[in-house]
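Where a number appears in this text, it was derived from the coordinates with a stated rule and is not lab data. This is a predicted model, so every value here is computed, not measured. Using ideal geometry, Cβ is built from the backbone for each residue, glycine included, and neighbour counts are taken over all protein chains shown.
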Amino acid sequence: MNPHRTRMLALLIGLATAIPGFGESPRHLKARASDIDPQAREHPEIGFVFGSRQKPQDLQHACYDSRAATRGKLVIWLMPYNAPLFERLGSYGFHAIQIHYANHWFAKLHPGPPPADEFFLSKVRLEAATGQNFSDALRIPPADSIMGRSLEFVKWLHLKNPKDGWDRFIDTQGRELRWDRVVLAGISHGATTAARMAKHIKVDRVVMFSGPRDQFERWQALPSATPPERFFGFTHTLDDGWTHDHYCRSWQMLGLHEFGAVTDVDQCALPFGNSRRLISSADVKGDTKRAHSAVVPGGAAIRDRSGRFRHEAVWRYLFTHPIEQSGEPTSPDPECRMNQRPR
């Protein structure tokens, strides 16, 4: 090759690689909660365990994409890791983590009719979230709570990748996360826990897929540390949580009707009336289980004829739509069954 061309090529490569983000790809990291924090413990009585080296159950995941302009916000995902979702969160400019937390207790602590205490599940969820002694039904210490494990994971991520900016989510004393920079998100049980946690502690935003439920409880109507306009929900109308009025009940108790009508995203263009209550009735072949999972990226998600996900704009909207933009208030739906306790 011509020596002049060789020097020019080397110069161009040098200039390009000096550009922030050049040649980089989303950074995916994972670590076991039991390896990160020596104070972490198992709670086998509620199915909250570490698993084995071959089949770990306490594996936690993180994603950061340095190619995207950072939003300075941390998404904490509750429920199992969802790689397609995390790829999108990274592309939106979020730091994102998935946390191992107590979420298998439901059938063990609540196997029969609803308890007389209308805040029974609320107390369990808060204890799992905070590590504070809210419930007599279980004992989750701070190190094993969502708050505790999130803090230790973010500290570990900063230690491993100090240039990625994970420390912006830790307070100056290193004792807790900066919750006003956190987006709580989850599906099903995770959506319900995210909503309950956000009622207790102020966060930047809550994204609820197929949730919340707890249809026999009243915590959804309690005063909220997180303003109601910061809650966003997305469900499929064939999901039994919708057909049994679990979601519409929770959404109304959370006050989301004050920020727009229930909006079918398949019949309305972006920005979906600036609503906080989004639904889809897209074809899922009559499969209610698929309907429950169809609202997040993945194998159950709705695709168009070309095979692309149909709800890309919806997912971006849920996580990035400006809080100050909301729809017109609507009246509560009189057909939504609010009292669901057995008579």
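Summary of values
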read-out	value
Computed lengthening from residue 225 to residue 306, 0.36 nm per intervening residue step minus Cα-Cα distance	24.8 nm
GNM top mover of 228, 329, 141 - the chain, alpha-carbon springs below 10 Å	329
Net length gained if the chain between residue 243 and residue 57 were fully extended (0.36 nm per residue, minus Cα distance)	63.7 nm
Pairs from 155/199; 30/155; 30/123; 199/289; 30/55; 73/202 whose Cα-Cα separation, in the structure shown, is over 18 Å	155/199; 30/123; 199/289
Cysteines without a disulfide-compatible partner [the chain; Cβ-Cβ under 4.7 Å]	63, 268
P(r) tail fraction, segment 24-206 - alpha-carbon pairs more than 29 Å apart, %	18 percent
The chain: C-alpha pair distances exceeding 26 Å, %	51 percent
Residue 78 long-range amide H proximity, modeled H, under 5 Å	185, 186, 187
Per-peptide average of other Cβ atoms within 10 Å, ordering 229-241, 44-56 highest first	229-241, 44-56
Antiparallel bridges, percent of DSSP beta bridges restricted to segment 24-206 (to nearest 5)	50 percent
Extension gain from residue 180 to residue 316, taking 0.36 nm per residue of separation minus the Cα-Cα distance	47.0 nm
Tensor-based shape of segment 227-338 (alpha-carbon gyration tensor, a/c under 1.5 rounded, otherwise prolate or oblate)	oblate
